[in-house]
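Reviewing the structure listed below.
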Amino acid sequence: MKLRQLFLTLLALPLVTALLSQNPVKWAFTSKDAGNGEYDLILSATIDDGWTTYSQFLESEDGPVPTALTFEEGAHFKLKGKAKESGNKFTKYDNVFGMNLTKFAGKAIFTQRVTVSDATKPITGYVTFMVCNDEMCLPPKDVDFKFTLPAAGKPAEA
């Protein structure tokens, strides 16, 4: 019996590994000089077909993990309000969680305005997000970001 369990476990291991290593969301981080010492930090998610990720602003804690932007503290910048959301955003009833949810398919863009006192120092942190399809959800994931701000009038560095 133990040999059979071991055999089944070994057969299932590649499937479990493949599921956990899936990465249906690709992130890109850019910045835009908004003038007067302000910058827009733009976090763009490209989401594979069939998958969705969630808004920062979910009404219930009983549902999926909302997207969250976490900025490492620094005296050289200050957040100005909450990040704005755009992209392919919609709200609908979700059968998996049994509630109305605001989510993104295809493209999600989070734009955080900051006031910067020293543009030579980078702004760092991470974005936490969760993705689901019609059959399953992947565990929440953190992706680090680093914004190296351009001098006024110059494009941002990649």
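Every read-out reported here was derived from the displayed coordinates using simple, explicitly stated rules and does not represent laboratory data. Remember, it's a predicted structure, so these values are computed and weren't measured experimentally. Ideal geometry is used to build each Cβ from the backbone, glycine not excepted, and the neighbour counts take in all protein chains shown.
Near LYS92: Cβ cut-off under 13 Å, other residues only, Lys/Arg at +1 and Asp/Glu at -1. The net charge is 0.
Neighbours of PHE57 by Cβ distance under 9 Å: Lys/Arg scored +1, Asp/Glu scored -1, total -1. With a threshold of 25 Å on the Cα-Cα distance, the over-threshold entries among LYS78/LYS146; LYS26/LYS78; LYS32/LYS92; LYS107/LYS141 are LYS26/LYS78; LYS32/LYS92. Here, the stretch 28-158 has an Rg and a Dmax of 15.9, 48 Å when only alpha carbons are counted. With each label modelled as a point 7 angstrom along the Cα→C-beta vector, the SER117-ALA75 pair spans 0.7 nm.
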